Amino acid sequence: MRLPADIERVDQLAEIGGVKKAFTVSIYAIAMAYVESAVVVYLRQMIFGSVSEVFPMKYLQPNFALIEVGREAATVIMLLAVGLLAGRNKLQKWMFFIYAFALWDIFYYVFLKLMIGWPSSLLSFDILFLIPVAWIGPVLTPVLISILLGAGSLALINLADRSDEVRIGGRNSWVFAAGCFVVLYSFTGKIFHILFSVGPKGLGNYAPTSFDWIPFLAGYLLMCAAVVKIISDSYRRIKREKVIQ
């Protein structure tokens, strides 16, 4: 049986290891964000003729659209790879991936602001993602999601370094997934409507004028509740484990 002093020493060493890995992953994610921002500046200039223009959307030929979708998928794969390398167990690997993704997303907008002065505000609309269809929403929305995911994943990384008793939990997973689905609807609902009613070319001159804030906020609150519950449940398990030891 470990003595309390031994347990505390192991916890301190584990926390240091997690912090060092998080620092390294942070450098990688921020560097990736710079590359992404630079590429998007070039793409905007080529497609829209201006680095600050995003809408109205332009119709891309299928081969160019496929290349862009592949580029986005490759970016996610690179962020996933660094998470798989950094984590010491399955949960921590996924949490490092989510942490890297969140930091990458935030600094993507930071670098765009520094490079070209865009977005003009956090309520400026952007094309957030293209898989499986275009996600469109104010810049504030992915930033809020990334802050939640970044903070939550970093907390779970530290907890997972201290114990193998950190669990997501089935009910928490379903609540989080439900929140993600509702948020996704707020980004893609109007796009799916155009695709089913007009077809892909209907997006050629599309420019958003409003955003579905109610479903977004409802889904975001579900995600927040799930993340807080996952962290609190994991913390209680670790406390009980220490008492038993």
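Below are the figures for this structure:
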| item | result |
| --- | --- |
| Length released on extending from Ser120 to Leu85, taking residue separation times 0.36 nm less the Cα-Cα span | 8.9 nm |
| Pairs of lysines in the chain (C-alpha under 15 Å apart; 8 or more residues apart or interchain) | 4 |
| Nearest 10 degrees, 0 to 90: helix 90-116 Cα axis against the chain principal axis | 40 |
| Gaussian network model of the chain, Cα within-10 Å springs - most flexible of Lys90, Lys21, Lys229 | Lys90 |
| Residue-averaged 222 nm ellipticity for the chain, from DSSP H runs of 4+ at -39500 (n - 2.57), nearest 500 | -26500 deg cm²/dmol |
| At R0 = 51 Å, FRET efficiency that the Cβ-Cβ distance of Met46 and Phe23 yields, to 0.05 | 0.90 |
| Spread of Cα-to-Cα distances over 5 Å intervals beginning at zero, given as percent, for the range 27-145 | 2, 11, 19, 24, 20, 13, 7, 3, 1, 0 |
| 31 Å tail of the calculated P(r), the chain, as % of Cα pairs | 31 |
| Placed amide H near Trp135: partners under 5 Å, 5+ positions off or other chain | Leu128, Phe129, Leu130 |
| Long-range tail of P(r) for the range 84-151 (Cα pairs > 20 Å, %) | 37 |
| Projected label distance in nm at Leu130 and Val76, using a 7 Å step from Cα toward the beta-carbon | 1.3 |
| Gain in span if fully extended, Lys229 to Trp213, counting 0.36 nm per residue against the direct Cα distance | 3.4 nm |
| Contour excess over end-to-end distance, with Cα ends at Cys180 and Leu195 and 0.36 nm allotted per residue | 3.2 nm |
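Readers should treat all values here as calculations from the given coordinates under stated rules, not as data from a laboratory. A quick note: this is a predicted structure, and the numbers were derived from the prediction, not measured. Don't worry about glycine lacking a Cβ; one is built from the backbone with ideal geometry, like all the others, and counts go over all protein chains shown.
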